[in-house]
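Structure record follows, encoded as C-alpha cells.
The values are calculated or read from the model by the stated rules, or taken from the named source; none is laboratory data. Note that the structure is a prediction, hence the values are computed from the model and not measured. Counting neighbours? That spans all protein chains shown, and the Cβs are built from the backbone with ideal geometry, glycine included. Please note that ligands, DNA and RNA were not included when accessible areas were found on the heavy atoms of the full protein model with its side chains. Shrake-Rupley method; radii C 1.70, N 1.55, O 1.52, S 1.80 Å.
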Amino acid sequence: MNNDLRKRPVEDLLDLEAATELDALAKELSEHDKAYYQNDEPNISDGEYDSLRNRNEQLEASFPHLIRSDSPTKKVGASPSSGFSKVTHARPMLSLGNAFNEEDVREFIAGIRRFLSLADDEPVEIMAEPKIDGLSASLRYENGQFTLGATRGDGAVGENITENLKTLQDVPNSIPESGTIEVRGEVYMAKDDFFALNKRQEEAGQKVFANPRNAAAGSLRQLDPTITASRPLKFFAYAWGEVADASFGTMDNFFQSLKNWGFQVNPYTKLCHTVEDILALYDEIGAARAELPYDIDGVVYKVNRIDWQERLGMVSRAPRWAIAHKFPAEKAQTVIKEIKIQVGRTGVLTPVAELEPITVGGVVVSRATLHNQDEIERKDIRENDTVIIQRAGDVIPQVVSVILDKRPTQSIPYKFEETCPICGSTAVREEGEAARRCTGGLICAAQAVERLKHFVSRNAFDLEGLGGKHVETFYNEGLIKTPGDIFRLADQEDMFTDREGWGQKSFTNLVTALEQKRIIPLDRLIFALGIRQIGQATAKLLAKQYGSLNNWRAKMERAQILGSEEYEELINIDGIGAAVAKDLLTFLAEPHNIKVLDDLGDILSVEDYEAPTLDNSPIAGKTVVFTGTLETVSRGEAKAKAESLGAKVAGSVSKKTDYVIAGSGAGSKAKKATDLGIVTLSEEEWFELLKQG
Ligand code: IVH
C-alpha cells in the first residue's frame, strides 16, 4: 500500500486517491479479520487495527459516493446471507423441569428418594446455582484445544457458532486436559452492557433489543464473527456433554475442574445438604437478584452425585436429577385497550388483551393472554380496565387481576364471540371443555395458516428460510393451501422473481432446504401434522410403536373401529389414553387429512423409527409390563431402565406382551399373563435377564 497516501489528511485527497485507498483498506481489513477471528493469530495490534478502521470510516464519511459494496463498515451491519452449519450434539442438550414453590422443591427431592429407593437417613446433596437468563452453548475441546462450539438448537442438533464463541473472553482457547471434553453453559449479556449496547444501537439508527437475553442471542447468532466480537458477551459454565473421562464423581468436583480449566463458574454456586439449605439459598439469591449484574430467572438444583444422576436419567427432554426453581413472576399495572380473539391451529378461540405498552422486568409488554371465556368471566375482565399483569420467563404475560376502583363508569361486561372472527363459522364449546372452537376446519383461513406455520416450525419440518410471515403471505396469495404445496414452491420460481425480500439467493436457499427436508423422521412428520394433543413426545411414542409410516397408517385405519385389536394396541401405549386416541383417530377420519397424508407420502421419504442401536440388549423391541411392588428399585427406575434398553413398557397385559415382571402383591395382570401363556418373571429373574446383554 502506498503509505504516503495514508499519511495525508483525508480532506486533501482526490477522488481517485480516496478510491485507491478504500480499495486497499477493504482488502487489508478483511485479511486482518480472518487472521484474528478464524486463525486466531492477529498480525497487528488492536490499536493498529482500530486506526485502519477509523481511516476507512473517515474516508467513507468524506467520499460517500465511493463507499464500496464490500466495505468493511458495511460488512459489520450486513444481514446473514447463508445459515450456520448444523452440529449434532454428541449428547443431547437437555432442558429443565420447573418448580414454582417450596412444595414442588420438596416433591423433587422426595421423587429422587423414591426413584433411588433411598433410606430415610441418606442425605441427598444438591448443588444449587442461579439460573442465568441467556442461551446455552456447548464447547468442545479436543486435545485441549477448543474445536467446536454450538448452540442448543432443538437439543439434538444445534448450529455451529465456533468462530463467534471464540470471540468471548470467558471461553478459553485451550484447556489443560487431553481427552475430548464438552463444556456447556450459558452465554449472557450483563445488564449494564445491554443498556450501553442499546444506546449505541439507537445512536447508530440500528435495532434495539428488548432485553439482555435477546441481545445476547442476536449477538451470538451473527454470521460475521466481528459483530459478535464487538458485543460484550460472557459465559458461565455449568454442565458437560461428551467427556472422555467422566470420573468427577460429584458436581462439586466438576465445578472445581471447570475453574481449573479457566472457566467462570457462578459465584453463588453452593453445595446444599438439606431442603432447608436449598430454600435458604433460594431466598438469599432472590434477595440479591435485583442487584446482580445479570438477569437470572430462578435457581437450578442438581443432584451432586454423578452416579445417582446416571441412574435417575431423564424424562422427555429434562433430567430427573435437576430442576429449575423459578422466581415469582414480575408484575406491573396497565390498561387493556381492546380484547381481540385469535384463532389457533386447532380452531381454539383465544382472547388476547391489547395493552397500553408497559415495561415489566426490563421487557416491553403490549399483549397478554386471557386464556378463555371462563377466565374472562371469573376475573370479570373488560375492555378499558386497568389491570395487573405479570410475566414469568418466556411465557406470554397474563392478566392477574382487575383494579375495580379504576374501572370507567360506562364499562360493560365483555361478551365472548360465538362465531369465528376469521371465517364467520359458528364457534362451539363442547361440554366439559374450556375452549370455544371454530367449526370451520380448513375453510377457516386462520386454522389453515396456523397449521401450515406449525408444519414448517422448528420442531416439525424446521424449514429455514420460510418463516411464519411468508407462510401467511403465500397462503393469502393462494400459493400454498396444503403442506404438500410448500414442497411445490420449488417449482414456482417465477412467483419469486421481483418479490420483495426474495433475492435469487434466498429462493435458492429455500429450494435447498425443501430438498433436504424431503427426508424426514416419522415422529417429526406425525408431530408436524398438528393433531390436537399430539405433541413431540406423543409423536415419538407413536413412531416408536408403529415403526413406519405405512404401518402406522394401516393400523390407524383399523383402529377406527372401537374395541378392535388395533384400537387396544393404541390406547395401551403408555402415555396415550382414550382422549388422545380420540383426537388422533378423528383427525385421521377426515378425508382432507388423508389427502394431505397421501400427498406427503408421494413427496417425502419418511424414515422409519430407528430404535436406539442396542445390539446386545436382551430386551430390545420387547414389550414388557410391570406389576406389583418391586423391592430393589422403584417402578419408575425399572421402567426407565427397560426403555433405555429398547423395550416398550405397556400398562396392561395383552397377546403382544413379551414379559410380565411381577413384584410382590401382583394380582390380575400376573394372572392374565399366565392365562395367555406369557413369560412371567420375578424381580430377580428380570435383573438376571438384563445382565445377559
Ligand atoms: S443445567 C441438564 N444450569 O436453562 C442440565 N441450565 O431450562 C441442563 N440455564 O437450556 C441445564 N442457567 O440454557 C443449567 N445454571 C444453570 C442454568 C441453566 C441457565 C438454562 C439452560 C437450559 C435451560 C433449561
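Below, the figures for the structure above:
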| read-out | value |
| --- | --- |
| Of residues in segment 662-687 being in contact with a Ser or Thr (Cβ under 7 Å, 6 or more places away or on another chain) and of a type in the set (A, V, I, L, M, F, W, C), the one farthest from V624 (Cα to Cα) | A666 |
| Test set (1) part of a loop (DSSP other than H, G, I, E, B); (2) within 16 Å of the ligand (Cβ to nearest atom); (3) open to solvent by less than 20 Å² (accessible area, probe 1.4 Å) - E129 fails condition number | (1) |
| Long-range neighbours under 9 Å by Cβ, at least six apart or interchain, first residue farther than 19 Å from Y188 by Cβ within segment 250-275, second of a type in the set (K, R) and open to solvent by less than 20 Å² (accessible area, probe 1.4 Å) | M251/K302 |
| Cβ-Cβ under 7 Å pairs, at least 6 apart or on other chains, segment 102-122 side under 17 Å from C272 (Cα atoms), far side open to solvent by less than 30 Å² (accessible area, probe 1.4 Å) and in a helix (DSSP H, G or I) | E102/L279; V105/V275; V105/I278; V105/L279; R106/V275; I109/V275; I112/L312 |
| Residue that is farthest from the chain's Cα centre (by Cα) [pool: residues in segment 93-125 that are of a type in the set (G, A, S) and either more than 14 Å from the ligand (Cβ to nearest atom) or open to solvent by 60 Å² or more (accessible area, probe 1.4 Å) (or both)] | A119 |
| Residues that are closer than 16 Å to I126 by Cα and either in a helix (DSSP H, G or I) or away from the ligand (no atom under 15 Å from the Cβ) (or both), drawn from segment 285-305 | I285 |
| Criterion (at pLDDT 95 or above, open to solvent by less than 60 Å² (accessible area, probe 1.4 Å) and either polar (S, T, N, Q) or within 16 Å of the ligand (Cβ to nearest atom) (or both)) met by exactly one of A137, A90 | A137 |
| Pairs where the first residue, in segment 538-560, is more than 16 Å from G621 (Cβ to Cβ) and the second is open to solvent by 40 Å² or more (accessible area, probe 1.4 Å) and not in a helix (DSSP H, G or I), C-beta under 7 Å, 6+ apart | T538/G575 |
| Selection count where residues are surrounded by fewer than 17 Cβ atoms within 10 Å (Cβ to Cβ) and part of a loop (DSSP other than H, G, I, E, B), scope segment 480-502 | 8 |
| Output for segment 235-253, where each listed residue is surrounded by 14 or more Cβ atoms within 10 Å (Cβ to Cβ) and either within 12 Å of the ligand (Cβ to nearest atom) or more than 27 Å from the chain's Cα centre (by Cα) (or both) | F235, F236, A237, Y238, A239, W240, G241, F248, T250, M251, D252 |
| Pairs, first open to solvent by 50 Å² or more (accessible area, probe 1.4 Å) in segment 620-642, second hydrophobic (A, V, I, L, M, F, W, C), C-beta under 6 Å, six or more apart | K622/A647; R635/F626; K639/V649 |
| Total residues in segment 306-320, condition surrounded by fewer than 18 Cβ atoms within 10 Å (Cβ to Cβ) and assigned to a strand (DSSP E or B) | 3 |
| So E464, is it over 24 Å from H371 (Cα atoms), open to solvent by 40 Å² or more (accessible area, probe 1.4 Å) and not in a helix (DSSP H, G or I) | yes |
| Residue within segment 470-479 that is assigned to a loop (DSSP other than H, G, I, E, B) and crowded, with 18+ Cβ neighbours inside 10 Å present | no |
| Top-ranked residue in segment 321-358 [being modelled with pLDDT under 95 and not in a strand (DSSP E or B); ranked as farthest from the ligand (Cβ to nearest atom)] | G347 |
| Residues that are open to solvent by less than 50 Å² (accessible area, probe 1.4 Å), free of Cβ contacts under 8 Å to residues at least 40 places away in the same chain and among the hydroxyl-bearing types (S, T, Y), drawn from segment 394-415 | S401, S411 |
| Selection count where residues are more than 26 Å from V315 (Cα to Cα), open to solvent by 10 Å² or more (accessible area, probe 1.4 Å) and touching a helix residue (DSSP H, G or I) at 6+ places or on another chain (Cβ under 9 Å), scope segment 140-161 | 3 |
| Selection within segment 230-268 - part of a helix (DSSP H, G or I) and hydroxyl-bearing (S, T, Y) | S230, S257 |
| Qualifying residues in segment 220-234 (those that are buried (at least 19 other Cβ atoms within 10 Å of the Cβ) and within 16 Å of the ligand (Cβ to nearest atom)) - the one modelled with the lowest pLDDT | L220 |
| Failed item, numbered, when E338 is tested on (1) surrounded by fewer than 18 Cβ atoms within 10 Å (Cβ to Cβ); (2) closer than 15 Å to I396 by Cα | (2) |
| Segment 268-285 - residue that is touching a Pro at 6+ places or on another chain (Cβ under 9 Å) and within 21 Å of F235 (Cα to Cα) and, of those, surrounded by the fewest Cβ atoms within 10 Å (Cβ to Cβ) | Y268 |
| Selection from segment 261-284 of residues that are away from the ligand (no atom under 14 Å from the Cβ) and aromatic (F, W, Y) | W261 |
| Yes/no for A119 being modelled with pLDDT of 90 or more and either closer than 26 Å to A640 by Cβ or aromatic (F, W, Y) (or both) | yes |
| Only listed residue being among the β-branched types (V, I, T) and not in a helix (DSSP H, G or I), chosen from I526, I576 | I576 |
| Matching residues, segment 416-436, being among the basic types (K, R) and surrounded by fewer than 22 Cβ atoms within 10 Å (Cβ to Cβ) | R429 |
| Filter result (in a loop (DSSP other than H, G, I, E, B), within 30 Å of Q536 (Cβ to Cβ), within 16 Å of the ligand (Cβ to nearest atom) and at pLDDT 90 or above) within segment 155-212 | I161 |
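Residues checked against (1) within 22 Å of D574 (Cα to Cα); (2) touching a residue at least 40 places away in the same chain (Cβ under 8 Å); (3) buried (at least 16 other Cβ atoms within 10 Å of the Cβ):
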position: T657; (1), (2), (3): yes, no, yes
position: V660; (1), (2), (3): yes, no, yes
position: G663; (1), (2), (3): yes, no, yes
position: G667; (1), (2), (3): yes, yes, no
position: A670; (1), (2), (3): yes, yes, yes
position: A673; (1), (2), (3): yes, yes, yes
position: T680; (1), (2), (3): yes, no, yes
position: E683; (1), (2), (3): yes, yes, yes
position: Q692; (1), (2), (3): no, yes, no
